[in-house]
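The values are calculated or read from the model by the stated rules, or taken from the named source; none is laboratory data. Predicted model only: the values in this text are computed from it and were never measured. For neighbour counting, all protein chains shown are included, and Cβ atoms are generated from backbone atoms with ideal geometry for every residue, glycine included. These area figures cover heavy atoms from the full protein model, side chains too; ligands, DNA and RNA do not enter into them. Shrake-Rupley method; radii C 1.70, N 1.55, O 1.52, S 1.80 Å.
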Amino acid sequence: MTGTPPLIELAGIGKTYGSGTVALGGVDASVREGGFVSLVGPSGCGKSTLLRIVAGLIAPDHGQISWPASGIRPSDIGFVFQDATLMPWASVADNVHLPLKLKGIPKDEAMPRVRDALARVGLADFASAFPRELSGGMKMRVSIARALVTEPPVLLMDEPFAALDEFTREKLDDDLIDLWTSQKLTTIFVTHSIYESVYLSERVLVMGARPGHILADIAVGVPYPRGRAFRESTSYVETCARVSAALREGVTP
């Protein structure tokens, strides 16, 4: 709605590591409540650093992140890493329970929420399984369920499907869209894939090479749900070409 403040607003975000590497050089961006935004850019451009700053895992050296008209705290944010990072000795249910356990919620009280989170990612029948018994795609679903079990208003995802085969990746992309549309999660998704970013997102933020900065903010402009027809459409191809051109512009000397 016009005039509604964004849920997340980044103003002049900069980050320099102790080694002297300038990871981010003044990032300005905003994300609406319930929006789906992807970050794409060359390796080392600071995408993951920016995501960790939004999550409150690291602090910027300058600039400000704000949450207008919102009482959201870092503990309210769900984070899905590139690796599933599951505890191999624990069952699927125990892995998903972990964030609630850290909040002091006992397992018997937490189990309804654990079962609900697993059902949302299609793993209702695997609560007693162990990570070694799961495929790569199923492990990532467990990781997503673990992020969802706290019912976060914001979901941050750092290349979660990068290590998966193309078929599994496309299936999880569709599942993620279904989850996002049903849960109304504000989502920021980091990926190296132009094609994935356009398929998933309302907007694609293209980042330039280090020090990271926003080169382009590209609206996809295609309604949900999406599917094979969208992947084969002229609109999809043209939007991917726009993102690709923005990336090339950012790395061309």
**Prompt:** Filtering the range 1-53 down to residues that are of a type in the set (Val, Ile, Thr) and over 21 Å from the mean Cα position of the chain (by Cα), which residue is farthest from Asp158 (Cα to Cα)?
**Reply:** Thr2
**Prompt:** Quick one: in the range 131-152, which of the residues that are assigned to a loop (DSSP other than H, G, I, E, B) and either among the hydroxyl-bearing types (Ser, Thr, Tyr) or buried (at least 18 other Cβ atoms within 10 Å of the Cβ) (or both) is nearest to the chain's Cα centre (by Cα)?
**Reply:** Pro152
**Prompt:** If you check Leu205 against the conditions, is it outside any loop (DSSP other than H, G, I, E, B) and touching a helix residue (DSSP H, G or I) at 6+ places or on another chain (Cβ under 7 Å)?
**Reply:** no
**Request:** Could you list, in sequence order, all residues of the range 39-71 that are of a type in the set (Gly, Ala, Ser), open to solvent by less than 20 Å² (accessible area, probe 1.4 Å) and closer than 25 Å to Cys240 by Cβ?
**Result:** Gly41, Gly46
**Message:** Taking the conditions exactly as written (of a type in the set (Phe, Trp, Tyr) and open to solvent by 30 Å² or more (accessible area, probe 1.4 Å)), does Phe126 satisfy them or not?
**Reply:** yes
**Item:** Residue tally, condition out of contact with any Phe, Trp or Tyr (no Cβ under 9 Å at 6 or more places or on another chain) and either farther than 29 Å from Glu33 by Cβ or open to solvent by less than 60 Å² (accessible area, probe 1.4 Å) (or both), over the range 220-242
**Value:** 9
**Message:** Looking at the structure I just gave you, is Lys101 free of Cβ contacts under 8 Å to residues at least 12 places away in the same chain and either assigned to a loop (DSSP other than H, G, I, E, B) or not acidic (Asp, Glu) (or both)?
**Reply:** yes
**Condition check for Val190: under 13 Å from the mean Cα position of the chain (by Cα) and within 25 Å of Gly78 (Cα to Cα)** = yes
**Request:** Return a yes/no flag: does the range 202-217 have any residue that is open to solvent by 10 Å² or more (accessible area, probe 1.4 Å), in contact with a Pro (Cβ under 7 Å, 6 or more places away or on another chain) and not β-branched (Val, Ile, Thr).
**Result:** yes
